[in-house]
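Accompanying notes for the structure given below.
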Amino acid sequence: MANSVIQIKNLTKSYGKTVQALKNVNLDLKAGTTVGLLGPNGSGKTTLIKVLTGLLKQFEGDVIVNGEKIDNKSKALVSYLPDQLYFDNWMKINDLKAYFKDMFADFNEERFNQLLASFKIEDRGLIKKMSKGNKEKLQLALVLSRDAKVYIFDEPIGGVDPALRDIILETIKNYRNEEALVILSTHQIYDVENLFDEVIFLKSGEVFLHKPTKEVTDEYGKSLLETFKEVFRNVV
Amino acid sequence: MLFKLIKHEFKASYRSYLIFYLIVIALAFLGPVMYNIQLEAVASLLVPFVFIAIFGVFIFTLVNVFKSFGERIFGKPGYLLFSVPAKTRDIFLSRVLVNIVWMVSSIIVSVIAVYIFIVVLGGEAVAEGIFDTLKNLFNAVEPKEIILGLLSSGISFISFMALILLVQSIANTLYHGAKKGLIATILYFVIAWGVSFITEQIYANLTVTQQSYAEMGVGVLLSVIYFGISYYLVDKKLELE
């Protein structure tokens, strides 16, 4: 039985007095699995991810990463791809590489160079002058160049063209640390169901189901995409 | 981790500062040179720019300090900054130390620019006159007073940074609207005015020496309060949008 890497107990997160983004979420996620965090826009996926990465600190409940509450030690174990680009205007690729080398002990420079080559990203000065697609690939290369215990991808294929989507999914499959927990959030189920060992359906901030992918498709007698459509028909 | 954060903060800021400093020094030199070689039309165009540039160094530094504690912590770069295994305390300290270095550098560059301007325009005699005046000034002041002056300036810088950090932390954690920059700016002036109003009442009956000690004490106390509140807000209430 694989070890629990993330344990979430009674997690509730509200924005103001009216909006409850997460409601009593309980999850136990194990090493070596790839988990699909699925739900329509506004279902609480990004909020959950921000809690796990320490970017949201106001919440109720317990969140444990590798046996510890979220702090700077747990951040050293989590490699996170946010749903937006975080590059500062002054940065060049070499600056970013130096930053990751200094900040993350598990950064693998050789793998990063390999990924840059396979993504065909050339270093042509400031990152802000690169195309959006190349910036997204660069951010993915940075995240995958870490030998992390947990990889979290927030909408890595949202808004990208089909060719780039395939590249991203292939890279996630091939380059990640095999013993790590991978959480991938998306509302685009098309083409990704083979990637997931388990799926979590988040519906209006609540865990609607958390099961192995095969169990879900067997239970509903449909593909993951069709199951998703059925579950969220009245929500989307 | 603190030293790594400081290193990368310098890398993030040095390019823009150095370019600005070079422009100011170059203008301070070229303006009077044009006068000296009788190109008065060019000189009359350049000289106003010298003063604008010297004044601009301070505005540029202030804007950069505000950005350094604002959008470069709480904006999109915050996604990377708060993902690294660094303590909030180290993040704050690195920003404060680097920004103090740039503020002091900006003052030094401005003084050098004014000096170059005067010396190039007035020649060697003016340079010697400035040196003599400075020498007499230093001789007239007690070493203890110089140390106190430096200490007081250092505390003022730290207190100034701490207040910027506080207003940015409030605007980016407690306020959830879109006009965070505006809110931070308004808060800055309101708090600065309020503190100045209260301290003026306290200092009213003190002698000059007592007042300078009191200012330092209040500066230290305010810095601790501002940092404490900012630390609490970011460490407990952070909500990156």
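General remarks:
- Residue match in the range A:205-227 (condition: crowded, with 18+ Cβ neighbours inside 10 Å, touching a helix residue (DSSP H, G or I) at 6+ places or on another chain (Cβ under 8 Å) and farther than 18 Å from A:L37 by Cβ): no
- Any hit, the range B:177-200, residues being within 14 Å of chain A (Cβ to nearest Cβ) and within 24 Å of B:T88 (Cβ to Cβ): yes
- The lone exception for B:V167 - which of (1) surrounded by 15 or more Cβ atoms within 10 Å (Cβ to Cβ); (2) more than 25 Å from B:R72 (Cβ to Cβ) it fails: (2)
- Screening the candidates B:F51, B:F66 for the property of being part of a helix (DSSP H, G or I) and in contact (Cβ under 8 Å) with a residue 12 or more places away in the chain yields one hit, B:F66.
- Whether a residue is within 11 Å of chain A (Cβ to nearest Cβ), in contact with a helix residue (DSSP H, G or I) (Cβ under 8 Å, 6 or more places away or on another chain) and at pLDDT 85 or above was assessed, and B:L93 does not pass this test.
- Of A:I157, A:I121, A:I64, A:I70, all but one fail to be more than 14 Å from the chain's Cα centre (by Cα), under 29 Å from A:K13 (Cα atoms) and free of Cβ contacts under 8 Å to residues at least 40 places away in the same chain; the exception is A:I70.
- Number of residues in the range B:16-55 that are surrounded by fewer than 16 Cβ atoms within 10 Å (Cβ to Cβ), of a type outside the set (A, V, I, L, M, F, W, C) and modelled with pLDDT of 80 or more: the value is 1.
- Test: residue in the range B:72-82 that is of a type in the set (A, V, I, L, M, F, W, C), within 13 Å of chain A (Cβ to nearest Cβ), assigned to a loop (DSSP other than H, G, I, E, B) and out of contact with any Asp or Glu (no Cβ under 7 Å at 6 or more places or on another chain): yes
- Segments classed as strands (runs of 3 or more DSSP E), wholly inside the range A:1-110, with at least 2 members that are surrounded by 20 or more Cβ atoms within 10 Å (Cβ to Cβ) and within 14 Å of chain B (Cβ to nearest Cβ): A:19-30, A:78-81
- Single match in A:V207, A:V216, A:V199, A:V182 (criterion: farther than 30 Å from B:A12 by Cβ, at pLDDT 85 or above and touching a Phe, Trp or Tyr at 6+ places or on another chain (Cβ under 6 Å)): A:V182
- Only one entry of A:V35, A:V25, A:V51 meets the criterion of being more than 16 Å from the chain's Cα centre (by Cα) and of a type outside the set (G, A, S), and that entry is A:V25.
For (1) assigned to a loop (DSSP other than H, G, I, E, B); (2) surrounded by 15 or more Cβ atoms within 10 Å (Cβ to Cβ); (3) touching a His at 6+ places or on another chain (Cβ under 8 Å), each residue gets a yes or a no:
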| residue | (1), (2), (3) |
| --- | --- |
| A:I121 | yes, yes, no |
| A:N134 | no, yes, no |
| A:K137 | no, yes, no |
| A:L140 | no, yes, no |
| A:F153 | no, yes, no |
| A:I157 | yes, yes, no |
| A:A163 | no, no, no |
| A:L169 | no, yes, no |
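The values are calculated or read from the model by the stated rules, or taken from the named source; none is laboratory data. Because the structure is a prediction, the values reported are computed rather than measured. Quick reminder, even Gly has a Cβ in these numbers, built from the backbone with ideal geometry, and neighbours come from all protein chains shown.
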